[in-house]
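Only the coordinates and a few stated rules stand behind these numbers; no lab work does. Note that the coordinates shown come from a computational prediction; the quantities given were computed from them, not determined experimentally. All Cβ positions, even for glycine, are placed from backbone atoms using ideal geometry, and neighbour counts span all protein chains on display.
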Amino acid sequence: MTDHHTPISAIGEFGLIDRIRKTIDTSRLGKTSEHHLIRGIGDDAAVYRPQPGKIELITTDALIEGIHFDLTFTSLRHLGWKSMIASFSDIAAMCGTPRYATVTIAVPQKITVEMIDEFYAGAAFAGSEYKCLIVGGDTTASPGNMMISVTVIGEAIEERVRYRSGAKPGNLLCVTGHLGASLAGLKILQREKSRFQASADQSAFLPNLEPYAAAIEKHFLPKPRLDISKLFEEHVAVTAVIDVSDGLASEAHHLCRASKCGAQIYEHNLPVIGTTQKIAAEFGDQASTYALYGGEEYELLFTIDDKEYEKLENLTGDVSVIGRITGTPEEVELIEEGGTSRQLQSNGWDHFTERG
């Protein structure tokens, strides 16, 4: 990143848009879907031709500074990546493929031209990694914090699209990857920020991040599970899917509510890596709490019958069985390590919960 700090007012809105277009154009490493794009950035609207035999999927995610990200320890390039990944994960949960995206940013005066370059470099790189083209958006000034909105258009084979509402009693309840690391990484970043602010000599302060790299990477550079959803599309029939963005406990309740069923989740089956366990111990927490209530995982929670799971096991080793679907509507039960059980409260991220 350059050391220059050019105010956006020096080039104006249209100069900024031209710069954004150049950043996106130079990052288009994968152009597999461009032959369906008739007109991209530069007109009042993008124009594309849907692929024959596919249905379209549309999702939008908003990120607000101070709620979803902290610019004191988040690079703009990482923020650009993560802004795109949040919507890609929604498409993955529908067993689809992301194709086109629009990105809207509201920018306060503290954000420079070079910072915007970094943001769009990260967003465009995410697009190139997952073959999704940025085809438009909007830019505007913000009187306060930075705000981002990403809309992604995807496509899927209609009979292979999966919803939250298909779970059946007796289905296995499974999750991809590992859980709790994003929250663990965030807690380390917040702790080091507090140490920096309390330091008598901030210019000499060195954050202690290296031992926690795996968790910090999961927080800054999550990956959408399009690899697993591709297996659902082509090889394995799952019954219901939801992405884990607001915490496993919350998503399990959403899935059960939509499917009019219940679930049992086994605490000892929750997939948690050693780094997450180490961080939880340092803060005096249980690692299972991070796995159940940590957000921004972008893993997939899904249900599947036993025979189909056997097929899935032969295709990937990156899924875990964490429980079963029951016939008790909307009742989610946690079977704890010692064998006792309790009702699992959703307690996921709620944007409208009052916080001190």
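Quick notes on this one:
- For K187, a cut-off of 17 angstrom between C-alpha atoms picks up these lysines, skipping any fewer than 8 places away in its own chain: K218, K278.
- Bridge type composition, the chain - antiparallel percent by DSSP, nearest 5: 75
- Candidates A45, A126, A181: whichever shows maximal mean-square fluctuation once the chain is modelled as a Gaussian network with Cα springs under 10 Å: A45
- Value of [θ]222 nm, deg cm²/dmol, for the chain, DSSP H segments ≥ 4, -39500 (n - 2.57) each, nearest 500: -10500 deg cm²/dmol
- Take every pair of alpha-carbon atoms less than 8 Å apart whose residues are at least six positions apart; their mean separation over the length of the chain yields a relative contact order of 21 percent.
- For the chain, built as a Gaussian network whose Cα springs stay under 10 Å, the top-fluctuating residue of K110, K230, K278: K110
- D (Stokes-Einstein, µm²/s), Kirkwood Cα radius, the stretch 164-343, 1.567 mPa s at 4 °C: 75
- Annotation for N145 and E282: the two label points, set 7 Å from Cα along the Cα-Cβ direction, are 2.5 nm apart.
- In summary, the lysines within cross-link reach of K260, defined as a Cα separation below 26 angstrom excluding same-chain residues under 8 places away, comprise K168, K307.
- On the basis of the beta-carbon distance and an R0 of 30 Å, H254 and K54 show a calculated FRET efficiency of 0.70.
- Averaging over all projection directions, the Cα-based convex hull of the chain occupies 19.8 nm² in the image plane.
- Overall form of the stretch 83-197 per C-alpha gyration tensor (a/c, 1.5; a/b vs b/c): oblate
- Residues whose amide H falls under 5 Å from that of E155, counting only those 5 or more places apart or on a different chain, are L57, T97, R99, with hydrogens built in the peptide plane.
- For the stretch 62-68, 3J(HN,Hα) computed residue by residue from phi via the Karplus equation (6.51, -1.76, 1.60; θ = phi - 60°) reads 10, 10, 10, 4, x, 10, 9 Hz, glycine and proline entered as x.
- A crude spin-label estimate for the pair A45 and K230, with each label 7 Å from Cα along the Cβ direction, gives 3.2 nm.
- In the chain, taking the dipole from charged Cβ atoms about the Cα centre, the farthest positive-side position among A280, M115, L209 is held by M115.
- Charge context of R257, other residues only, Cβ under 13 angstrom, K/R +1, D/E -1: -1
- Sequence of K218, K307 once ranked by neighbouring C-beta atoms within 10 Å, starting from the fewest: K307, K218
- Ranked F196, F119, criterion: other C-beta atoms within 10 Å, fewest first: F196, F119
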